[in-house]
1. Which members of the stretch 35-50 meet the condition of being surrounded by fewer than 17 Cβ atoms within 10 Å (Cβ to Cβ) and assigned to a strand (DSSP E or B)?
2. Against the conditions (1) within 14 Å of the chain's Cα centre (by Cα); (2) touching a residue at least 24 places away in the same chain (Cβ under 8 Å); (3) surrounded by 14 or more Cβ atoms within 10 Å (Cβ to Cβ), where does A32 fall short? Just the number, please.
3. Residue by residue through the stretch 9-24, note down the ones that are surrounded by fewer than 12 Cβ atoms within 10 Å (Cβ to Cβ) and either outside any helix (DSSP H, G or I) or not small (G, A, S) (or both).
4. Does the stretch 63-116 hold any residues that are in contact with a Phe, Trp or Tyr (Cβ under 8 Å, 6 or more places away or on another chain) and either part of a loop (DSSP other than H, G, I, E, B) or on the phi > 0 side of the Ramachandran plot (or both), and which are they?
5. Of all residues in the stretch 13-41, how many are over 14 Å from I70 (Cβ atoms) and polar (S, T, N, Q)?
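Throughout, read-outs are computed from the coordinates displayed, never taken from laboratory work. Here the structure is a predicted model, which is why all the values come from computation and not from measurement. Cβ placement follows ideal geometry from the backbone for every residue including glycine, while neighbour counts extend to all protein chains displayed.
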Amino acid sequence: MDENAIARVVIDCAFKIHTALGPGFLESVYEACIEYELNRRQLLVQKQVPMTVKYADAVLGIGYRIDLLIERKVVVEVKCAEHTHPLHRAQLLSYLKLGRFKLGLLLNFNTIHMRHGIKRVVSGL
């Protein structure tokens with residue numbers, strides 16, 4: 001399955017979850033629901049994937065964690081914020097760069113309509 005097909009499945013799951021729960025829950029709740037839905041659809045889901053930073057000749061394990069990595073291809077960052085901030089996008093871009101991934105989704109569940117909470121981010125590998 002390519003990145004775009006995976007993203008479509010993730011977005012479909014996000015709509016389903018948001019319709020059932022609405023806004024107002026913690027990020028961890030939405031993250032667990034996405035994991036559940038994607039596992040039901042037989043996709044590989046890795047949670048809280050640690051990321052290292054390579055600087056000069058050092059590899060620094062400094063605490064970055066990807067919320068969800070789907071099929072080892074698509075990075076998903078889950079937010080429950082009043083508004084997504086440019087720093088959220090920058091964080092996702094950093095994860096794409098560090099992991100050499102092409103596609104990421106920033107999902108903000110704290111919206112009235114889920115369509116307003118979806119940001120697709122493509123890295124410039």
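1. At the first step, the residues of the stretch 35-50 found to be surrounded by fewer than 17 Cβ atoms within 10 Å (Cβ to Cβ) are 36, 39-42, 44, 46-50.
Result: Q46, K47, Q48, V49, P50.
2. (2)
3. First, pick out the residues of the stretch 9-24 that are surrounded by fewer than 12 Cβ atoms within 10 Å (Cβ to Cβ): 19-20, 24.
Answer for the stretch 9-24, where residues must be surrounded by fewer than 12 Cβ atoms within 10 Å (Cβ to Cβ) and either outside any helix (DSSP H, G or I) or not small (G, A, S) (or both): T19, G24.
4. K73, C80, F101, F109
5. Qualifying residue count for the region: 2.
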